[in-house]
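Only one structure is covered here, and it is reproduced in the block below.
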Amino acid sequence: MPLPADAECLMDITARPDVVMTRGAGSYLFDEHGRRYLDFIQGWAVNSLGHCPPEVRDALVEQSDRLVAPSPSFYSPPLLALARRLTDLSGLPQVFFTNSGAEANEGAIKLCRKWGKRHRGGAFEIVTAENAFHGRTLATMAASGKPGWDALFPPPVAGFSKVRFGDRDAMARAISSRTVALMVEPIQGEAGVVVPPPGYLRSLRALADEHNLLLVLDEVQTGIGRTGALFAFEDEGIRPDVLTVGKGLGSGVPIGALLATRDAACFEHGDQGGTFNGNPLMTAVGKRVLDAVAEPTFLANVRRTGEHLQRALHDVGPPGSIVEVRGRGLLWALVLSEPAAPRIRDVCMERGLLINAPRPNALRFMPSLRVSADEIDEMATTLREAIAEALVHRFI
Ligand SMILES: *Cc1c(COP(=O)(O)O)cnc(C)c1O
């Protein structure tokens with residue numbers, strides 16, 4: 001397929017397939033030629049309700065008829081309604097809405113530094129994890145532990161130290177008088193769905209309490225039902241001091257949020273803001289999405305279909321080709337015995353299935369939270385064929 005002529009106008013920031021996507025419906029995406037793709041990427045774990053759900057359409061239509069941008073300094077009904085609902089559901093009473101996950105994390109970092117200045121004698125350092133992903137602003141790149149990232153765009157933002165993910169004692173050793181916070185993802189998404197040992201978050205909560213530090217959880221990928229609970233921290237019976245969400249909150253529209261306890265929420269006038277923050281159009285969508293996902297029956301269904309997906313993934317490759325199936329809810333990775341993930345991903349796309357390869361030996365699955373068992377079976381059948389074809393190719 002030829003490259004679209006207008007593609008030359010776009011900054012070349014990533015390799016894109018030569019297709020133009022024109023329509024989405026539920027678990028399917030369609031290109032300009034009407035070709036259908038079963039989508040297990042869903043905008044990078046973003047479309048929690050699938051492509052073009054009625055909730056998003058209705059909220060956009062109704063709200064755009066009424067009020068889109070009063071200015072960020074005015075209250076609006078959707079802003080207030082989403083603030084109430086999200087703080088009630090998370091148990092963190094203060095919220096600031098953002099346009100992305102990175103912006104929410106950037107705000108979390110600012111909040112920690114402000115709190116350190118106020119309460120910990122100017123302590124500013126945040127201990128984060130190796131292979132973490134917190135976003136692409138300068139500070140969130142510095143907070144991330146993606147190999148090679150510390151050498152990009154020098155000088156890096158100072159004030160972060162990195163320890164092995166899942167290792168409570170390594171975190172304890174990294175704490176000094178300059179430390180103000182511990183910051184992790186409950187499950188590392190971009191690293192390839194890395195699940196820490198049970199009790200890890202609970203042990204970080206205890207560590208933060210013992211040293212009077214803030215515990216910051218980046219739930220931009222794991223939050224809003226993705227792991228089968230509304231927030232992944234619920235599974236460990238703890239609550240962070242600072243929480244960030246993004247991706248699934250808007251089910252496709254750009255909205256994130258920074259949440260905090262009353263004590264941690266120490267911004268003063270002038271410290272934080274932004275033109276589009278809390279925009280009625282996005283908060284109206286966020287409210288509808290949250291109402292849908294927070295239903296106990298919805299979350300029970302995520303857990304049930306998640307178990308179906310887990311079982312299906314165990315059975316997609318010949319003996320010895322699959323090392324591990326790891327994840328929770330509807331966020332899973334398949335770890336292969338060889339670095340064939342990019343090739344398998346490409347064969348899947350040729351066969352009308354969209355999956356992601358976050359590591360050379362790992363495939364990631366993040367379908368709509370409304371994915372059906374039949375769609376999971378269809379995915380597994382195509383994946384099984386693609387793995388067989390990709391592995392055969394290697395020997396020709
Ligand atoms: C995607 C992601 C981010 C960044 O969110 P953006 O909306 O792309 O800025 C931050 N943290 C985690 C865990 C993510 O998965």
Problem set entry | Every residue from region 148-162 that is part of a loop (DSSP other than H, G, I, E, B), of a type in the set (A, V, I, L, M, F, W, C) and either surrounded by 18 or more Cβ atoms within 10 Å (Cβ to Cβ) or in contact with a helix residue (DSSP H, G or I) (Cβ under 6 Å, 6 or more places away or on another chain) (or both) | 157
Exercise. Could you say which residue among 118, 113 is part of a helix (DSSP H, G or I), away from the ligand (no atom under 16 Å from the Cβ) and within 16 Å of residue 142 (Cβ to Cβ)?
Worked result: 113
Exercise. Can residue 145 be described as part of a loop (DSSP other than H, G, I, E, B), farther than 30 Å from residue 121 by Cβ and small (Gly, Ala, Ser)?
Worked result: no
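Is there a residue in region 177-187 that is open to solvent by 30 Å² or more (accessible area, probe 1.4 Å) and modelled with pLDDT of 95 or more?
yes
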Seminar exercise, completed: For region 304-324, the count of residues that are open to solvent by less than 20 Å² (accessible area, probe 1.4 Å) and either over 16 Å from residue 363 (Cα atoms) or of a type outside the set (S, T, N, Q) (or both) equals 6
Exercise. Are any of the residues in region 327-348 within 19 Å of residue 36 (Cα to Cα) and open to solvent by 10 Å² or more (accessible area, probe 1.4 Å)?
Worked result: yes
For this session: Quick one: in region 209-268, of everything that is open to solvent by less than 20 Å² (accessible area, probe 1.4 Å) and either charged (D, E, K, R) or touching a His at 6+ places or on another chain (Cβ under 6 Å) (or both), which residue is nearest to the ligand (Cβ to nearest atom)?
Result: 218
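What number of residues within region 250-286 are part of a loop (DSSP other than H, G, I, E, B) and β-branched (Val, Ile, Thr)?
The number of residues fulfilling the criteria is 4.
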Exercise. Within the bounds of region 60-78, is there any residue that is within 22 Å of the chain's Cα centre (by Cα) and over 30 Å from residue 142 (Cα atoms)?
Worked result: no
Seminar exercise, completed: How many residues of region 189-237 are closer than 21 Å to residue 306 by Cα and of a type in the set (S, T, N, Q)? The answer is 3
For this session: Confirm whether residue 108 is under 15 Å from residue 189 (Cα atoms), out of contact with any helix residue (DSSP H, G or I) (no Cβ under 7 Å at 6 or more places or on another chain) and buried (at least 23 other Cβ atoms within 10 Å of the Cβ).
Result: no
Exercise. Is there a residue in region 146-153 that is under 17 Å from the mean Cα position of the chain (by Cα), within 15 Å of the ligand (Cβ to nearest atom) and farther than 24 Å from residue 357 by Cβ?
Worked result: no
Exercise. Can you name the number of the only condition in (1) touching a residue at least 12 places away in the same chain (Cβ under 8 Å); (2) over 26 Å from residue 266 (Cβ atoms); (3) away from the ligand (no atom under 16 Å from the Cβ) that residue 127 fails?
Worked result: (2)
Seminar exercise, completed: The condition from (1) open to solvent by 70 Å² or more (accessible area, probe 1.4 Å); (2) at positive phi that residue 8 misses is numbered (2)
For this session: Output the residues belonging to region 126-141 that are of a type outside the set (Ser, Thr, Tyr) and either open to solvent by less than 20 Å² (accessible area, probe 1.4 Å) or in contact with a helix residue (DSSP H, G or I) (Cβ under 7 Å, 6 or more places away or on another chain) (or both).
Result: 126, 127, 129, 132, 134, 135, 136, 139, 141
Exercise. So residue 289 fits all but one of (1) under 21 Å from the mean Cα position of the chain (by Cα); (2) without any contact (Cβ under 8 Å) to a residue 40 or more places away in the chain; (3) not in a loop (DSSP other than H, G, I, E, B); what number is the exception?
Worked result: (2)
Exercise. Is it true that residue 201 is closer than 30 Å to residue 323 by Cα, within 16 Å of the ligand (Cβ to nearest atom) and either assigned to a helix (DSSP H, G or I) or in contact with an Asp or Glu (Cβ under 8 Å, 6 or more places away or on another chain) (or both)?
Worked result: yes
For this session: Name the single residue, out of those in region 24-68 being among the aromatic types (Phe, Trp, Tyr) and farther than 21 Å from residue 303 by Cβ, that is nearest to the ligand (Cβ to nearest atom).
Result: 44
Exercise. Would region 79-86 turn up any residue that is touching a helix residue (DSSP H, G or I) at 6+ places or on another chain (Cβ under 8 Å) and closer than 14 Å to residue 274 by Cα?
Worked result: no
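The values are calculated or read from the model by the stated rules, or taken from the named source; none is laboratory data. No experiment lies behind these values; they were computed from the predicted model shown. Don't worry about glycine lacking a Cβ; one is built from the backbone with ideal geometry, like all the others, and counts go over all protein chains shown. Ligands, DNA and RNA are excluded from the accessible area calculation, which covers all protein heavy atoms including side chains. Shrake-Rupley method; radii C 1.70, N 1.55, O 1.52, S 1.80 Å.
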